[in-house]
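A.B. asks: I am attaching a structure below and will ask some questions about it afterwards.
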Amino acid sequence: MRLFTLALGFAGLSVLGSCQDDRDPNPEELLLNTRWQLVQVEETPVSVSSYSDTFRSYIRFTTGPNRTEGLAPCNSFGGTFTLGSSRGVLSISGQSSTKATCPAQALEDKYLAALPRTAGYEISGQELRLYDASNTLRPLLIFEKAD
């Protein structure tokens, strides 16, 4: 009888262990330490978003300390970010970049100007959207998760 009880207990644990967790993943975990490729700046779609066909413009939010790093259409950049206590609250500050010019300078200027205006974010599937404080319907920037 004791052996039967043990076997039944192990069977129950294995069934519970194989159950899938239906909770949504924590958006902070999805945001952090992921390379996000730029696909849209305000209303402007970005197809080839860098001075080089080899590199795509991107941003990455790294932890410890909370730093941003990325590549704009012409220059690399970096700075800091803060996640708010409420879900989806994000501020980006202290961005500095290298100073090369390139044919996509206007796009770069819009991209880098949008970063410090960021007040929130949303992740849906493989897409990251950054919003300012006044408009949660039209994102400032849209990124896709890089492979």
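A.B. asks: Per residue, what volume in Å³ does the Cα convex hull of the range 75-128 take up?
C.D. replies: 89 Å³
A.B. asks: Computed from the mean reciprocal separation of all distinct C-alpha pairs, what Kirkwood hydrodynamic radius does the range 26-145 have, in Å?
C.D. replies: When all Cα pairs of the range 26-145 are included, the Kirkwood radius is 14.2 Å.
A.B. asks: Now a separate question. For every other residue with a beta carbon closer than 15 angstrom to the beta carbon of Asn66, add +1 if it is Lys or Arg and -1 if Asp or Glu, then tell me the sum.
C.D. replies: -1
A.B. asks: Additional query: Mind listing the phi-derived Karplus ³J(HN,Hα) values for the range 125-135, rounded to whole Hz, using 6.51, -1.76 and 1.60 with θ = phi - 60°, and x for any glycine or proline?
C.D. replies: Per-residue couplings from phi come out as x, 9, 10, 10, 10, 10, 10, 8, 5, 8, 9 Hz.
Where a number appears in this text, it was derived from the coordinates with a stated rule and is not lab data. All figures in this text were calculated on a predicted structure; none of them were measured in a lab. Reconstructed Cβ throughout: ideal geometry from the backbone, glycine too, with neighbour counts over all protein chains shown.
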